[in-house]
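The values are calculated or read from the model by the stated rules, or taken from the named source; none is laboratory data. Note that the structure is a prediction, hence the values are computed from the model and not measured. Note that each Cβ is placed from the backbone with ideal geometry, even for glycine, and that neighbours are counted across all protein chains shown. The protein model used for the area step is the full one, side chains on, heavy atoms only, and it has no ligands, DNA or RNA in it. Shrake-Rupley method; radii C 1.70, N 1.55, O 1.52, S 1.80 Å.
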Amino acid sequence: MQVKREVGDVSILVNNAGIVTGKKFMDAPDSLIEKTMEVNTMAHFWTYKAFLPAMIANNHGHLVSIASSAGLIGVNGLADYCASKFAAVGFAESVGLELLATGKDGIKTTIVCPYFINTGMFDGCQT
């Protein structure tokens, strides 16, 4: 991973990338659905793979996953987004439990599930 080569090991990893298609499921092009899963879910896998080994070796670090409240409940018009954020929450929770089960209690985990953040991504969304 290019970032790991450029920055080296880190003690705090914050996964904060996110995109939304803003389309109903049947109107969303397959390529956008795949992009949503790549950015919102798979990026967590790849960054953990890159940076977690050093944290495990040192039994020290903090993994922060910025997910979404849409990763806890389904939202009309956000099927792909919700699925990707449900996956991000499940992934982060599972890895956290794996770390505890292996005695790596020096690696802390936080899962953040905010409501709409004023980034422009959700302009026009209503609840």
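For the list (1) closer than 23 Å to Leu97 by Cβ; (2) touching a Ser or Thr at 6+ places or on another chain (Cβ under 9 Å), I need the number of the one condition that Val20 fails.
Here Val20 meets the rest and fails (1).
Does segment 1-19 hold any residues that are under 16 Å from Ile111 (Cα atoms) and open to solvent by less than 70 Å² (accessible area, probe 1.4 Å), and which are they?
As a first pass, look at segment 1-19 and keep what is under 16 Å from Ile111 (Cα atoms): 12-18.
Answer for segment 1-19, where residues must be under 16 Å from Ile111 (Cα atoms) and open to solvent by less than 70 Å² (accessible area, probe 1.4 Å): Leu13, Asn15, Ala17, Gly18.
Using beta carbons and a limit of 9 Å, which pairs, at least six apart or on different chains, have the first residue in segment 3-20 and touching a residue at least 24 places away in the same chain (Cβ under 8 Å) and the second one of a type in the set (Asp, Glu) and open to solvent by less than 80 Å² (accessible area, probe 1.4 Å)?
Short answer, once both residue conditions are applied: Val20/Asp80.
Would you be able to tell me the number of residues in segment 79-101 that are under 19 Å from Thr47 (Cβ atoms), without any contact (Cβ under 8 Å) to a residue 40 or more places away in the chain and hydrophobic (A, V, I, L, M, F, W, C)? Before the answer, list the steps.
Going residue by residue through segment 79-101, those that are under 19 Å from Thr47 (Cβ atoms) are 84-99.
Adding the requirement that they be without any contact (Cβ under 8 Å) to a residue 40 or more places away in the chain leaves 86, 89-90, 93-94, 96-98.
Filter again for hydrophobic (A, V, I, L, M, F, W, C), leaving 86, 89, 97.
Total satisfying the criteria: 3.
Name the helices (runs of 4 or more DSSP H) wholly within segment 20-127 that hold at least 3 residues that are at pLDDT 95 or above, open to solvent by less than 50 Å² (accessible area, probe 1.4 Å) and within 22 Å of Val7 (Cα to Cα)? Spell out how you get there, then give the answer.
Working: elements: 30-37, 43-58, 79-101.
The qualifying helices (runs of 4 or more DSSP H) are 43-58.
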